[in-house]
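**Q** Encoded as structure tokens, here's the structure I'll be asking about.
The values are calculated or read from the model by the stated rules, or taken from the named source; none is laboratory data. Please read all numbers here as calculations on a predicted model, not as lab measurements. Here Cβ is always computed from backbone atoms with ideal geometry, including for glycine, and neighbour counts include all displayed protein chains.
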Amino acid sequence: MPRWQRYWIFGLAGALTVSWAGFTAYKTRTVSAELVDPPFYHPKPIEVVDQTYAELAKGDGNDPGGSWSSQEVDDLQLWTFRRAKPSKGIVLLLHGFGDDRWGTSPALKWFPGQDAAIFTYRRRDDAMRGGGPVPPVTFGARESEEVVRMVHYLEAHGWRRDQILLMGRSLGASVGLLALVRLEADGHGPLGGIIWEGAPASSRSFGEALVRGPKDRLWHPLVAPLAGKFGSALAAQRGGYKVGDTDVLARMGNRALHTPALCFLATEDRLASPQVQRKMADHFNTIRLLEIPTWHLNCSVLLGPHYATAIRTFTDDVLNADGLKH
């Protein structure tokens, strides 16, 4: 082979390598930034939040409404929604990636007979409205600790553990499952139930899925795994946590979970692997698994009223009919 051809081949290979490295680095930085601070999250003005909460308090034909109260729990703000009639249980609503207590609050309509509680992880909405330092998203590492604290607060204020339910979708599902592992490990028994939909396996897997997007591309195998690995590591460094602390299956380990569960499994999801959802479900002694051919967060749209019916049936079955609390 002539020398000029060898130089041309080596030059082309070098240019391709540099381009690949540069593109991977760009995707790594993009993943890291989105994991720490979701670019699509913009908290609503507090006036809009108050108006939404007032409308939810009024109720409608399918929901009896209730009344709101707010409590300071350490450095967090917990909002509690009490029904007019005594409730058998209370559901702690956990918001997803790039959301807050406003975006998740309408979910209480799926629990017309139960009290509800809700808060924003790390109080990020208040920080963003106030213009102060905004805590980074830690993809469940710190958020799950806050859920545990809220459950302990509810227990300290009269709720039995078997009357408390968790519900989360998307990141809220991962946060709920991570918190549940912590709670069951303390030896004080299972919760009343957990409902989840589309739990990302970890910050690393979610970062890789962000790069892959909705369709497969030829370059994905060369870029996505590395961008997910290094992007999540960089995000963890910026957020002050370990990537392993976001890994739901790793945190579950070999543990069998005794809290009854309802899982809406989106079988076409590329952000929360259906295979991983099934592995998570295998850890529960008692679980109802509903498979829906869509992405997560779309299960309620595809199922329509059957989504709320499934939640109400599950909730009625797992909550003890005795010892009403109000």
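**Q** Within the stretch 310-317, does at least one residue satisfy the condition of being more than 19 Å from the chain's Cα centre (by Cα), among the aromatic types (Phe, Trp, Tyr) and more than 23 Å from Asp247 (Cα to Cα)? Break it down into steps so the answer makes sense when it comes.
**A** The initial filter retains those residues of the stretch 310-317 that are more than 19 Å from the chain's Cα centre (by Cα), namely 310, 312-317.
So of that shortlist, the ones also among the aromatic types (Phe, Trp, Tyr) come out as 314.
After this cut, where a residue has to be more than 23 Å from Asp247 (Cα to Cα) as well, the list is 314.
Within the stretch 310-317, one or more residues are more than 19 Å from the chain's Cα centre (by Cα), among the aromatic types (Phe, Trp, Tyr) and more than 23 Å from Asp247 (Cα to Cα).
**Q** Please go through the stretch 122-155 and give me each residue that is free of Cβ contacts under 8 Å to residues at least 60 places away in the same chain, out of contact with any Gly (no Cβ under 9 Å at 6 or more places or on another chain) and within 12 Å of Leu78 (Cβ to Cβ), ordered by number.
**A** Arg123, Val151, His152
**Q** Okay, moving on. Could you check the stretch 187-229 and list, in sequence order, the residues that are over 21 Å from Gly176 (Cα atoms) and in contact with a Ser or Thr (Cβ under 6 Å, 6 or more places away or on another chain)?
**A** Across the stretch 187-229, the qualifying residues are Val223, Leu226, Ala227.
**Q** Then there is this: Could you list all residues from the stretch 221-238 that are basic (Lys, Arg) and either in contact with a Pro (Cβ under 9 Å, 6 or more places away or on another chain) or without any contact (Cβ under 8 Å) to a residue 24 or more places away in the chain (or both)?
**A** Pass one, the stretch 221-238, residues basic (Lys, Arg): 229, 238.
The one that is basic (Lys, Arg) and either in contact with a Pro (Cβ under 9 Å, 6 or more places away or on another chain) or without any contact (Cβ under 8 Å) to a residue 24 or more places away in the chain (or both): Arg238.
**Q** Looking at Ala201, Ala209, Ala179, Ala224 in this structure, which one is in contact with a strand residue (DSSP E or B) (Cβ under 9 Å, 6 or more places away or on another chain) and buried (at least 19 other Cβ atoms within 10 Å of the Cβ)? Walk me through how you get there before you give the answer.
**A** Values: Ala201 fails: in contact with a strand residue (DSSP E or B) (Cβ under 9 Å, 6 or more places away or on another chain); Ala209 fails: in contact with a strand residue (DSSP E or B) (Cβ under 9 Å, 6 or more places away or on another chain); Ala224 fails: in contact with a strand residue (DSSP E or B) (Cβ under 9 Å, 6 or more places away or on another chain).
On inspection, the qualifying residue turns out to be Ala179.
**Q** A further question on this structure: In contact (Cβ under 8 Å) with a residue 60 or more places away in the chain, over 21 Å from Pro305 (Cα atoms), surrounded by 13 or more Cβ atoms within 10 Å (Cβ to Cβ) and of a type in the set (A, V, I, L, M), is that true of Leu76?
**A** Details: in contact (Cβ under 8 Å) with a residue 60 or more places away in the chain: yes; over 21 Å from Pro305 (Cα atoms): yes; surrounded by 13 or more Cβ atoms within 10 Å (Cβ to Cβ): yes; of a type in the set (A, V, I, L, M): yes.
In short, yes.
**Q** Still on this structure, I have one more. So, in the stretch 130-159, how many residues would count as being outside any loop (DSSP other than H, G, I, E, B) and among the basic types (Lys, Arg)?
**A** Going through the stretch 130-159 one residue at a time, the tally reaches 1.
**Q** Would you be able to tell me the number of residues in the stretch 27-47 that are part of a helix (DSSP H, G or I) and either on the phi > 0 side of the Ramachandran plot or surrounded by fewer than 15 Cβ atoms within 10 Å (Cβ to Cβ) (or both)? Steps first, answer last, please.
**A** Initially, the stretch 27-47 is screened for residues part of a helix (DSSP H, G or I), giving 27-36, 46-47.
Those still in the list that are either on the phi > 0 side of the Ramachandran plot or surrounded by fewer than 15 Cβ atoms within 10 Å (Cβ to Cβ) (or both) too: 29, 46-47.
Total satisfying the criteria: 3.
Conditions tested, residue by residue: (1) out of contact with any Lys or Arg (no Cβ under 8 Å at 6 or more places or on another chain); (2) under 20 Å from Ile195 (Cβ atoms).
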site: Gly59; (1), (2): yes, no
site: Ser67; (1), (2): no, no
site: Trp79; (1), (2): no, yes
site: Gly96; (1), (2): no, yes
site: Asp100; (1), (2): no, yes
site: Leu108; (1), (2): yes, yes
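**Q** Which residue pairs have Cβ atoms closer than 7 Å, lie 6 or more positions apart in sequence or on different chains, and pair a first residue in the stretch 209-220 that is within 17 Å of Pro274 (Cβ to Cβ) with a second residue that is surrounded by 15 or more Cβ atoms within 10 Å (Cβ to Cβ)?
**A** Every condition considered, the pairs that remain are Ala209/Arg270; Ala209/Leu271; Arg212/His220; Arg212/Ala224; Arg212/Arg270; Pro214/Arg270.
**Q** Working carefully through the options Leu271, Leu302, Leu319, find the one that is among the aliphatic types (A, V, I, L, M) and surrounded by fewer than 16 Cβ atoms within 10 Å (Cβ to Cβ).
**A** Leu302
**Q** Separate question: So the check is Cβ under 6 Å with 6+ separation or different chains; which pairs have a first residue in the stretch 177-200 that's at negative phi and modelled with pLDDT of 95 or more and a second one that's among the aromatic types (Phe, Trp, Tyr) and outside any loop (DSSP other than H, G, I, E, B)?
**A** Here the result reads Glu197/Phe264; Pro200/Phe206, each pair linking the stretch 177-200 to a residue that is among the aromatic types (Phe, Trp, Tyr) and outside any loop (DSSP other than H, G, I, E, B).
**Q** Tell me which residues, restricted to the stretch 160-176, are assigned to a loop (DSSP other than H, G, I, E, B) and surrounded by 18 or more Cβ atoms within 10 Å (Cβ to Cβ).
**A** Hit for the stretch 160-176 is Ser170, nothing else.
**Q** Right, next: Across the stretch 64-95, what is the total count of residues that are modelled with pLDDT of 95 or more and in a strand (DSSP E or B)?
**A** The number of residues fulfilling the criteria is 19.
**Q** Check the stretch 103-112 and report whether any residue there is more than 18 Å from Val175 (Cα to Cα), free of Cβ contacts under 8 Å to residues at least 40 places away in the same chain and surrounded by fewer than 16 Cβ atoms within 10 Å (Cβ to Cβ).
**A** no
**Q** Also, quick follow-up: Restricting to the stretch 239-295, give me the number of residues that are part of a loop (DSSP other than H, G, I, E, B), charged (D, E, K, R) and touching a residue at least 24 places away in the same chain (Cβ under 8 Å).
**A** Counting residues in the stretch 239-295 that are part of a loop (DSSP other than H, G, I, E, B), charged (D, E, K, R) and touching a residue at least 24 places away in the same chain (Cβ under 8 Å) gives 6.
**Q** Separate question: Of the residues Ser87, Ser69, which single one is buried (at least 21 other Cβ atoms within 10 Å of the Cβ) and out of contact with any helix residue (DSSP H, G or I) (no Cβ under 7 Å at 6 or more places or on another chain)?
**A** The conditions single out Ser87.
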